[in-house]
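To keep things clear, I will list the structure first and then write my remarks on it.
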Amino acid sequence: MIQYLEIGKIVTTHGVSGEVKVYISADSPESLFRIKKVYLDSKATVSLDVVSHRSMKNMLLLRFDGIDSIEDAHGLIGRTLWADRNEIRKDKDSYFVVDLIGLEVVNASTEEHIGVIDDVISGGVQDLYSVKLDNGEKRLMPAVPAFLKKTSLEEGKVWVEPIKGMFDDAD
C-alpha cells in the first residue's frame with residue numbers, strides 16, 4: 001500500500017506573507033486539515049511543516065514554517081504536494097483512488113471475473129470506475145451503491161451487480 005499520497009498542486013501564492021493556494025486532489029479541503037507535514041515528492045524526502053490551513057472555495061490555503069514572504073512562496077508554485085495517508089481524513093466507507101486501481105471486478109451474483117479497475121474519474125454527481133475487460137475494452141461504471149455491492153482491499157476485489165449491457169454488448 002502506498003504510504004504517501006498526492007494531495008494537490010501549488011498553483012499560486014496568496015497574499016504577501018508566504019501563504020500558497022493548492023488545487024487539491026481530494027474530495028474537500030477539510031479532509032486535509034489534519035495534515036501537519038507535506039512532502040515535495042512521493043518518497044517523503046523533502047518536507048514542509050504546515051503552520052496553518054484554511055479553505056477558500058474548493059482550494060486549500062497553506063502556510064509553511066520558514067516560508068514567510070511572497071518571494072519564498074513563489075518558488076513553490078507548480079510543486080506537487082504529498083502527505084502521509086494516515087493524516088488524511090476519509091469517511092469509513094470511502095477509499096483512496098490509488099487503492100482502487102488494480103482491484104479485480106467480480107459479478108456479485110455469479111462470482112464471474114469481469115475485469116480490473118484501471119482508473120477512477122472524479123467529478124459530477126458520482127465517481128466513475130473505468131473497468132478494463134479481458135479483451136482490452138474499457139467500460140465506465142458509476143460508483144454508486146446500486147452497482148457496488150462490496151469492496152475489499154484485503155482481497156483485492158470489488159463485487160458489482162451490473163445491469164444488462166454494462167460490461168457486454170447486450171441490448
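Each value in this text was obtained by applying a stated rule to the coordinates, not by laboratory testing. Keep in mind that what you see is a predicted model, and the values were worked out from it rather than measured. Using ideal geometry, Cβ is built from the backbone for each residue, glycine included, and neighbour counts are taken over all protein chains shown.
Side notes on the structure shown:
- For the chain, the antiparallel share of DSSP beta bridges with both residues in that region comes to about 90%.
- J(HN,Hα) series, segment 107-113, from Karplus relation 6.51 cos²θ - 1.76 cosθ + 1.60, nearest Hz, glycine and proline x: 5, 5, 7, 10, 6, 6, 5
- The alpha-carbon positions of the chain define a convex hull whose volume is 128 Å³ per residue.
- Cα point-scatterer Debye curve for segment 97-160, base-10 log of I(q)/I(0) at q = 0.12, 0.16, 0.24 Å⁻¹: -0.25, -0.45, -1.05
- Distant-in-sequence amide H partners of Ala108 (H built 1.01 Å from N, under 5 Å): Val160, Glu161
- For Thr13, residues with placed amide H under 5 Å, excluding near neighbours: Lys21
- Distant-in-sequence amide H partners of Ala143 (H built 1.01 Å from N, under 5 Å): Asp127, Leu128, Tyr129
- Computed from phi, the 3J(HN,Hα) profile of segment 67-77 under the Karplus parametrisation 6.51, -1.76, 1.60 (θ = phi - 60°) reads 9, 10, 9, 4, 5, 4, 5, 4, x, 8, 4 Hz, with x in place of Gly and Pro.
- Volume in Å³ per residue [convex hull over Cα atoms, computed for segment 4-87]: 76
- Each of Arg63, Arg34 was scored by other Cβ atoms within 10 Å of its Cβ. Arranged with the fewest first, they read Arg34, Arg63.
- J(HN,Hα) series, segment 20-36, from Karplus relation 6.51 cos²θ - 1.76 cosθ + 1.60, nearest Hz, glycine and proline x: 10, 9, 10, 7, 8, 10, 10, 5, 7, x, 4, 5, 9, 5, 7, 5, 9
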